[in-house]
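*Asks:* Next up is a structure, given as structure tokens.
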Amino acid sequence: PLFYLLLVPVTLPTMTDLSALLTDLTGRVDSGDVEGGKATLANLKIALLDADPTSDTTAQIATSALELGVLLSAADGDLDAFARNVSQLKPHYASASATAAASSRKNHIIGLNLMHLLVDNRLSEFHSELELLSTAEASSPEISFPIHLERQLMV
């Protein structure tokens, strides 16, 4: 049986396949279809495992998928999945390829994560995340709100 598995041809996902899954995921998130979105996200994550990891397009698709995963888990109230998706997303934000094409959702996601850390009273992690932010990021409305809220709570 193992020998047979080695002879079965494996088809790697094309960029078109990944883009189609991402488009489907985006549509499901925009329409509020949480369950369908979670299933599509799972399929997209599996397809990304077989994609070219050195491709900038693959990195952008993965970043978008994980950002949508954060939004889905927030909408579903699944804080464990939220934390997992944020953890998986951090290396994408830190990499040079993701920085070159900054995501429009990045500040929103970082702000949500800061609010999550603040609400969970994980202040050391909150302040560690603040250290990673640039001045421009910290001044965006999505990120400055949790920063100001934390300052008000500490008074």
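The values are calculated or read from the model by the stated rules, or taken from the named source; none is laboratory data. All values derive from a computational prediction rather than experimental measurement. Here the Cβ positions follow ideal geometry from the backbone for every residue, glycine too, while neighbour counts run over all protein chains shown. Surface accessibility is based on the protein's heavy atoms, side chains included, excluding ligands, DNA and RNA. Shrake-Rupley method; radii C 1.70, N 1.55, O 1.52, S 1.80 Å.
*Asks:* On a full-extension model of 0.36 nm per residue, what is the gain between GLU35 and SER140, subtracting their alpha-carbon distance, rounded to one decimal in nm? Could you put the intermediate results ahead of the total?
*Replies:* On the way: separation 105, 0.36 × 105 = 37.80 nm, distance 3.11 nm.
Length gained, GLU35 through SER140: 34.7 nm.
*Asks:* Continuing with the same structure: Counting only other residues whose beta carbon sits under 14 Å from that of ASP24, what net charge do I get with K and R as +1, D and E as -1?
*Replies:* Values: positive: ARG28, LYS38, LYS45; negative: ASP17, ASP30, ASP33, GLU35.
Local net charge: -1.
*Asks:* At 1.4 Å probe size, with the rest of the protein present, what percent of the exposed accessible area of the chain is carbon and sulfur atoms? Don't jump to the answer; show the numbers that get you there.
*Replies:* Details: 5590 of 9270 Å².
Carbon-and-sulfur percentage of accessible area, whole number: 60.
*Asks:* Given (i) 12.4; (ii) 11.3; (iii) 10.4 as candidate values of mean projected area of the Cα convex hull in nm², which corresponds to the one derived from the coordinates?
*Replies:* (ii)
*Asks:* For the chain, what is the relative contact order in percent, using Cα pairs closer than 8 Å and at least 6 residues apart in sequence? Spell out each step's value before the answer.
*Replies:* On the way: 121 pairs, mean separation 25.9, N = 155.
The normalised contact order for the chain reaches 17 percent.
*Asks:* I've got another one for you. Can you tell me the relative contact order of the range 69-155? Whole percent, Cα pairs under 8 Å, sequence separation 6 or more.
*Replies:* Numbers: 48 pairs, mean separation 21.1, N = 87.
Taking the mean separation of contacting Cα pairs over the length of the range 69-155, I get 24 percent.
*Asks:* Going highest first, how would you order 54-65, 70-81, 134-145, 108-119 by mean Cβ packing within 10 Å? Kindly include the intermediate steps, with their values, before the conclusion.
*Replies:* On the way: 54-65: 18.2, 70-81: 16.7, 134-145: 13.5, 108-119: 20.1.
Averaged packing, sorted descending, gives the order 108-119, 54-65, 70-81, 134-145.
*Asks:* Also, quick follow-up: Give a quick list of trypsin sites (Lys or Arg not before Pro) in the range 38-128 that DSSP marks as loop, anything other than H, G, I, E or B, with at most 12 other Cβ atoms within 10 Å. The partial results should precede the final answer.
*Replies:* Values: sites: LYS38, LYS45, ARG84, ARG105, LYS106, ARG122; in loops: ARG105, ARG122.
Here no trypsin sites (Lys or Arg not before Pro) fit, given the DSSP loop and packing criteria.
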